[in-house]
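Undergrad: Supplied in structure tokens, the structure appears directly below.
The values are calculated or read from the model by the stated rules, or taken from the named source; none is laboratory data. Note that this is a predicted model, so its numbers are computed, not measured. With ideal geometry, Cβ positions are generated from the backbone for all residues, glycine too; neighbour counts draw on all protein chains shown.
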Amino acid sequence: MNSESVTVIGLGGMGSALASALLKAGHKVTVWNRSSDKAQVLVAEGANLASSPVLAVSASSLIILAVVDYAAAHEILEQEGVAEALKQRTLVMMSTGTGEQAAVLAEWIQNQGAEYLDGGLLSYPRSIGNTSTGMLYSGSKLAFEQHAHTLSAMAGAQQFIDDDVTASNTIGLGLWSFYFGSLAAFFEGAAWADRIGDMKMHDFLPSAKAMMATLLDGMEDASARMRSEDYSGNQASVDLHLHGMELLCGAFSAAGLPSKVNEAFVDYLQMARKAGDGSKDVVTAFNALRQSQLYN
């Protein structure tokens, strides 16, 4: 097994999970956190605790930064001596932010003579270290290729997206939008099953998992239609979906249950109908969305 010296700065839930996964993969891990008590579990697992950001950065060729946001990252990196210590190293940013913030940090890192990768997390800490866990990277392709083996210890299903540092954050926000919308819809469906069907979660979950096959089929069909811009209504039209969705939302309302996710879907279908696409496939709602402007 190829091992590497890696530093993890920031030991919240995610940073601690990243450091632990690297340790389990056999890498030499140095950690630093503002409050050193958060490092004790990792030290017991074999990590070295640095007493300052400068010493943490100096300890490894690969630096993982997992702090709350880009402002916190700048605050740490701009401490005395850190910029000098970064020379000829690779820094991987693992915090939530915007593409613009990633671009600013990347420029600062590169000005210090270091390589930069922006990481797009696609999981909760509990999934870090799994072979199926996704992670997006953008920035220095050379740095990614050099450290890909080490990085894969944190998320086995990693992808290098583009040398444009903004790419992982931009795509990641879209993916999290999909995730949270889906999770909210799951909550709504579970509440309905519990209230109306008196179905307990151990019964609802297997049925929901079975529905995932239909969702995946719908996503694959939608993706193909988006690529070809074929919105012909040979499966189920916008108008047909609107009729069904209005019945569904009405049933939720009558039961005293919210259905805000489905109501949002109705709004998108109505956008497509307003555009004259009521007879086309439901995927044309995507076309209406991408051409829209908020509050128009």
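Undergrad: Can you confirm whether segment 150-164 contains a residue that is of a type outside the set (A, V, I, L, M, F, W, C) and in a helix (DSSP H, G or I)? Walk me through it before giving the result.
TA: Pass one, segment 150-164, residues of a type outside the set (A, V, I, L, M, F, W, C): 150, 152, 156, 158-159, 162-164.
Now restrict to residues that are in a helix (DSSP H, G or I): 150.
Taking every residue of segment 150-164 in turn, at least one turns out to be of a type outside the set (A, V, I, L, M, F, W, C) and in a helix (DSSP H, G or I).
Undergrad: Identify, by number, the condition in (1) in contact with a Gly (Cβ under 8 Å, 6 or more places away or on another chain); (2) outside the structural domain of V92 (by TED's automatic domain parsing); (3) over 20 Å from Y70 (Cβ atoms); (4) not acidic (D, E) that F187 doesn't meet.
TA: All conditions pass for F187, except number (1).
Undergrad: When both residues are 6+ apart or on different chains and their Cβ atoms are under 7 Å apart, which pairs have a first residue that lies in segment 236-264 and is without any contact (Cβ under 8 Å) to a residue 60 or more places away in the chain, and a second that is among the basic types (K, R) and assigned to a loop (DSSP other than H, G, I, E, B)?
TA: S237/K280; V238/K280
Undergrad: Of the residues A275, A264, A285, which is crowded, with 17+ Cβ neighbours inside 10 Å, closer than 24 Å to E229 by Cα and hydrophobic (A, V, I, L, M, F, W, C)?
TA: A285 is the lone residue from the list that is crowded, with 17+ Cβ neighbours inside 10 Å, closer than 24 Å to E229 by Cα and hydrophobic (A, V, I, L, M, F, W, C).
Undergrad: Go over the candidates A251, A255, A236, A275 one by one and state the one that is assigned by TED's automatic domain parsing to the domain that holds T214 and under 24 Å from G174 (Cβ atoms).
TA: Details: A251 fails: under 24 Å from G174 (Cβ atoms); A255 fails: under 24 Å from G174 (Cβ atoms); A236 fails: under 24 Å from G174 (Cβ atoms).
Exactly one residue qualifies, and that residue is A275.
Undergrad: While we're looking at this one, here's another question. When the residues of segment 127-150 are narrowed to those that are more than 14 Å from the chain's Cα centre (by Cα) and touching a residue at least 60 places away in the same chain (Cβ under 8 Å), which ends up farthest from E107 (Cα to Cα)?
TA: Filtering segment 127-150 for residues more than 14 Å from the chain's Cα centre (by Cα) gives 129-131, 139-150.
Cutting the leftovers down to touching a residue at least 60 places away in the same chain (Cβ under 8 Å) gives us 129, 147, 149-150.
Working: G129: 29, H147: 20, H149: 25, T150: 24 Å.
Within segment 127-150, the match that is farthest from E107 (Cα to Cα) is G129.
Undergrad: Out of (1) over 26 Å from L215 (Cβ atoms); (2) assigned to a helix (DSSP H, G or I); (3) modelled with pLDDT of 95 or more, the odd one out for E100 is which?
TA: Here E100 meets the rest and fails (3).
Undergrad: Does F178 satisfy the condition of being of a type outside the set (G, A, S), in a helix (DSSP H, G or I), out of contact with any Leu (no Cβ under 8 Å at 6 or more places or on another chain) and closer than 21 Å to M135 by Cβ? Please lay out each step first, then the result.
TA: Values: of a type outside the set (G, A, S): yes; in a helix (DSSP H, G or I): yes; out of contact with any Leu (no Cβ under 8 Å at 6 or more places or on another chain): yes; closer than 21 Å to M135 by Cβ: yes.
Yes.
Undergrad: Further question: What are the residues in segment 73-102 that are exposed (fewer than 15 other Cβ atoms within 10 Å of the Cβ) and either closer than 24 Å to A155 by Cβ or of a type in the set (S, T, N, Q) (or both), if any?
TA: Answer for segment 73-102, where residues must be exposed (fewer than 15 other Cβ atoms within 10 Å of the Cβ) and either closer than 24 Å to A155 by Cβ or of a type in the set (S, T, N, Q) (or both): Q79, Q88, T98.
Undergrad: Output the residues belonging to segment 256-281 that are assigned to a loop (DSSP other than H, G, I, E, B) and closer than 21 Å to L183 by Cβ. So that I can check it myself, show each step before the final result.
TA: Start the filter on segment 256-281 by keeping residues that are assigned to a loop (DSSP other than H, G, I, E, B), which leaves 256-259, 275-280.
Within segment 256-281, L257, P258, S259 meet the criteria.
Undergrad: Name the single residue, out of those in segment 130-165 being in contact with a Ser or Thr (Cβ under 7 Å, 6 or more places away or on another chain) and of a type in the set (V, I, T), that is farthest from G218 (Cα to Cα).
TA: V165
Undergrad: Something else: Only one of (1) surrounded by fewer than 19 Cβ atoms within 10 Å (Cβ to Cβ); (2) within 30 Å of N262 (Cα to Cα) is not met by K141, so which one is it?
TA: (2)
Undergrad: Any idea which of A153, A157 is assigned by TED's automatic domain parsing to the domain that holds G120, of a type outside the set (K, R) and touching a His at 6+ places or on another chain (Cβ under 8 Å)? Give the steps one after another, and end with the answer.
TA: Values: A157 fails: touching a His at 6+ places or on another chain (Cβ under 8 Å).
None of the others qualify; the one that does is A153.
Undergrad: Going residue by residue through segment 77-92, is there one that turns out to be among the hydrophobic types (A, V, I, L, M, F, W, C), modelled with pLDDT of 95 or more and closer than 19 Å to N2 by Cβ? Before you say what the answer is, go through the steps one by one.
TA: Going residue by residue through segment 77-92, those that are among the hydrophobic types (A, V, I, L, M, F, W, C) are 77, 82-83, 85-86, 91-92.
Filter again for modelled with pLDDT of 95 or more, leaving 77, 82-83, 85-86, 91-92.
Adding the requirement that they be closer than 19 Å to N2 by Cβ leaves 92.
Yes.
Undergrad: Here's another thing I want to ask about it. Looking at segment 157-202, which of the residues that are of a type in the set (D, E) and surrounded by 13 or more Cβ atoms within 10 Å (Cβ to Cβ) is nearest to F144 (Cα to Cα)? Talk me through it step by step, then tell me what you get.
TA: Narrowing segment 157-202 to residues of a type in the set (D, E): 162-164, 188, 194, 198.
Then keep just the ones that are surrounded by 13 or more Cβ atoms within 10 Å (Cβ to Cβ); that gives 162, 164, 188, 194.
Details: D162: 11, D164: 13, E188: 40, D194: 47 Å.
Out of the qualifying residues, it is D162.
Undergrad: Which of the following residues is small (G, A, S), over 30 Å from D162 (Cβ atoms) and in a loop (DSSP other than H, G, I, E, B): G197, G189? Before you say what the answer is, go through the steps one by one.
TA: Details: G189 fails: in a loop (DSSP other than H, G, I, E, B).
The unique qualifying residue is G197.
Undergrad: Something else: Of all residues being surrounded by 24 or more Cβ atoms within 10 Å (Cβ to Cβ) and within 19 Å of the chain's Cα centre (by Cα) in segment 12-22, which is nearest to T131 (Cα to Cα)? Just the residue, please.
TA: L18
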